[in-house]
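First comes the structure, then the notes that go with it.
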Amino acid sequence: VDLTTGEGRTVVADETEPSRSIDPDTIWAATPGSDIAYLLFTSGSTGRPKGVPVSHANLLAFVDAMAATIPVRPGDSCSQLCELSFDLSVQEIYPALLNGSTLCPARVIDLLNPAPYVARNRLTVWVAVPSLARVVLEGPVPVDDQLDSLRLSIFNGEPLTARLAARWRSAAPNSALWNTYGPTECTVAVTRQAWNGEAHLEDGGVVALGTPLPGCRTAIDHGGVVVPTEDADDGATGELLLTGPQRFVGYLDPTLPSPFVTDGDAAWYRSGDRVRWCDGRLFHLGRFDQQVKIGGHRIELQEVEHRLREVLGHQSVAVIAHPRHHPTELVLVGTGLDRAAITADATGLPTYMVPRRMIEVGSLPTNANGKLDRGALHRLAAAGR
């Protein structure tokens, strides 16, 4: 679809000459880079669906950047776990197929117990959200050596905790581990960080976002001033801004507020993520929209979750701010909750940061893409559980 005119283009496969050879160069030459490769809808932090058109040029820039940094090789067998409506599927599909690898689509049942799927297909490349790794490690069947075939594990879509990363490295001992980060608006991933257990590559228990992929640029909105990270002072903190050939040109709906800020040199996409630039790499400090105010105090939900994970000794906890009672209260949802351990004295948290309600569940709810389903958490809280 031409986004400016609204006109569509129909492509019909010619079945009369099935043996006819196709020249890939001709195909690419006939496809201007500005043409739309795919359109995904993301709600962002507002809940209002936003159409994100990603061009062929955006997509190829991403594939080239990944090939130069975290290469998938001919002969690799690659996971394919995500629905096509989730942009992480792009990170699974195109680096694999455009580099001569084998793509191994998972069955629905495989998502409930992915370790046998890895072993059955002798996968060498794993691409997934961290929540799915937790499903593997905390499943009903021991992992044993089912992940030994992996040589490359790539995570994206959610903050990757160092504790989970360490458990995954132990379960997949032959695999290099990469944390990648990027919004749909900048084509899946724009930063990467290799992790091998180094303590200096984590902050608040979360693995660093790392450094930009080739061609991508990052900056920090520091008090309303755009500061490219290559010029930023060590320790600079603010909203992460993104630009480069992977950045989209704007939402499908032109009435939506512009997501860009310009500095005279480039148009930067506002990510909504709070970061720190330290020792030449980016560290994720949480979402601006996850910052809540209770009793006059500003609270980062991610900070509360991190501390409770440390106290409880496992990952299966989530904290939400729910307006069941006024003022807003913090609600803890998780497995194996030791209520006696969740106090201000036991956690070292200020009283206003300790969840007032706790909801015990068999497992944290996830959506079809394997991400933590915070909407389901709010429904549990609303039901008074």
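The values are calculated or read from the model by the stated rules, or taken from the named source; none is laboratory data. This structure is a prediction, so every number in the text was calculated from the model and none was measured. Here the Cβ is made from the backbone with ideal geometry for all residues, glycine too, and neighbour counts use every protein chain on show. Ligands, DNA and RNA are excluded from the accessible area calculation, which covers all protein heavy atoms including side chains. Shrake-Rupley method; radii C 1.70, N 1.55, O 1.52, S 1.80 Å.
List the helices (runs of 4 or more DSSP H) that sit entirely inside the range 109-175 and contain at least 3 residues that are aliphatic (A, V, I, L, M) and farther than 30 Å from Cys186 by Cβ. Before you say what the answer is, go through the steps one by one.
Numbers: elements: 114-121, 130-137, 162-171.
Output list is empty.
Within the range 235-254, does at least one residue satisfy the condition of being of a type in the set (Asp, Glu), open to solvent by 40 Å² or more (accessible area, probe 1.4 Å) and more than 27 Å from Tyr94 (Cβ to Cβ)?
Checking the range 235-254: not a single residue is of a type in the set (Asp, Glu), open to solvent by 40 Å² or more (accessible area, probe 1.4 Å) and more than 27 Å from Tyr94 (Cβ to Cβ).
Identify all residues within the range 119-161 that are under 14 Å from the mean Cα position of the chain (by Cα) and touching a residue at least 60 places away in the same chain (Cβ under 8 Å); write none if there are none.
Ala128, Val129, Ser131, Leu132, Ile154, Asn156, Gly157, Glu158, Pro159, Thr161
Select from the range 178-228 the residues that are part of a helix (DSSP H, G or I), in contact with a helix residue (DSSP H, G or I) (Cβ under 9 Å, 6 or more places away or on another chain) and open to solvent by 40 Å² or more (accessible area, probe 1.4 Å) and list them in ascending order.
Within the range 178-228, just Ala199 meets the criteria.
Of the residues Asp273, Asp279, only one is acidic (Asp, Glu) and modelled with pLDDT of 95 or more; which?
Asp279
Pairs under 7 Å by beta carbon, first residue within 21 Å of Leu132 (Cα to Cα) in the range 61-87, partner open to solvent by 20 Å² or more (accessible area, probe 1.4 Å) and charged (D, E, K, R), six or more apart or different chains?
Pairs that qualify, where the first residue is within 21 Å of Leu132 (Cα to Cα) and the partner is open to solvent by 20 Å² or more (accessible area, probe 1.4 Å) and charged (D, E, K, R), are Ile70/Arg192; Ser77/Arg122.
Exactly one condition in (1) open to solvent by 10 Å² or more (accessible area, probe 1.4 Å); (2) under 29 Å from Glu303 (Cα atoms) is false for Phe155; which is it?
Of everything listed in (1) open to solvent by 10 Å² or more (accessible area, probe 1.4 Å); (2) under 29 Å from Glu303 (Cα atoms), Phe155 misses just condition (1).
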